Amino acid sequence: MKYVIDASTLINFYKASILCEIFEIDEEYLIGEIVLHECGEIISCHLAAKNDRWQKIDQTQISGSQFFELNVSRRLGIGESECISYCLTSPKSALVSDDKKARKVGVELLGDERITGTIGLLQKLVLTGRLSAIEAQMAYMKMKDSGSFLPKLDDEHF
């Protein structure tokens, strides 16, 4: 599966000081130019340290009309529109976002099985042994404490 990661998830992992751990899950990762810009220089520098584990989205594969439809008609942000537009052209890709509206549109256009976010990646990190359940819970709490919009989870979720 190719994970197409939105800024919201990258920022959440950065807030928890575990940004580079995402790329320890043995999958393919794609990040768009717009998303990189939305994340800012500090996060982009952290991502540069793991540039062998992710690729930039090939912008030529994104339909301008689809992007416009998502951004204007569906009122998604430009980063979310970039990610979903790419996923629509790549059936073996999954949207990774914590944006509620983007996830709703993603489920409608891509199907529920092709949508995940911060919680899903934290669960994968635990399942693959990259983080312990306690470390994942602490990262989640750090994200929430720093203002991330994530669902409420019980203390034993991971």
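Tabulated values for the structure
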read-out: Yes/no for Lys124 being in contact (Cβ under 8 Å) with a residue 40 or more places away in the chain, under 20 Å from Glu21 (Cα atoms), out of contact with any helix residue (DSSP H, G or I) (no Cβ under 8 Å at 6 or more places or on another chain) and not in a loop (DSSP other than H, G, I, E, B); value: yes
read-out: Meets criteria (at pLDDT 95 or above, among the aromatic types (Phe, Trp, Tyr), closer than 23 Å to Lys142 by Cβ and in contact with a helix residue (DSSP H, G or I) (Cβ under 9 Å, 6 or more places away or on another chain)) for Tyr3; value: yes
read-out: Yes/no for Ser90 being of a type in the set (Ser, Thr, Tyr), surrounded by fewer than 21 Cβ atoms within 10 Å (Cβ to Cβ) and in contact with a strand residue (DSSP E or B) (Cβ under 7 Å, 6 or more places away or on another chain); value: yes
read-out: Flag if Ala102 is over 23 Å from His157 (Cα atoms), modelled with pLDDT under 95 and among the aliphatic types (A, V, I, L, M); value: no
read-out: Of all residues making up region 66-86, the number that are surrounded by 24 or more Cβ atoms within 10 Å (Cβ to Cβ) and out of contact with any Phe, Trp or Tyr (no Cβ under 8 Å at 6 or more places or on another chain); value: 6
read-out: Matching residues in region 131-158 - criterion: being surrounded by fewer than 18 Cβ atoms within 10 Å (Cβ to Cβ), under 18 Å from the mean Cα position of the chain (by Cα) and not hydrophobic (A, V, I, L, M, F, W, C); value: Lys142, Lys144, Ser146, Gly147, Pro151
read-out: Residue within region 106-120 that is part of a helix (DSSP H, G or I), free of Cβ contacts under 8 Å to residues at least 12 places away in the same chain, farther than 24 Å from Lys2 by Cα and among the hydrophobic types (A, V, I, L, M, F, W, C) present; value: no
read-out: Candidates Leu76, Leu10, Leu30 - the one that is touching a residue at least 24 places away in the same chain (Cβ under 8 Å), under 17 Å from Leu95 (Cα atoms) and assigned to a loop (DSSP other than H, G, I, E, B); value: Leu76
read-out: Options Lys15, Lys50; residue that is more than 27 Å from Glu113 (Cβ to Cβ) and basic (Lys, Arg); value: Lys15
read-out: Odd one out for Leu70, checked against (1) more than 12 Å from Val105 (Cβ to Cβ); (2) assigned to a helix (DSSP H, G or I); value: (1)
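The values are calculated or read from the model by the stated rules, or taken from the named source; none is laboratory data. Note that the structure is predicted; figures quoted are calculated from it, not measured. Cβ sites come from the backbone with ideal geometry, for glycine too, and all protein chains shown count toward neighbours.
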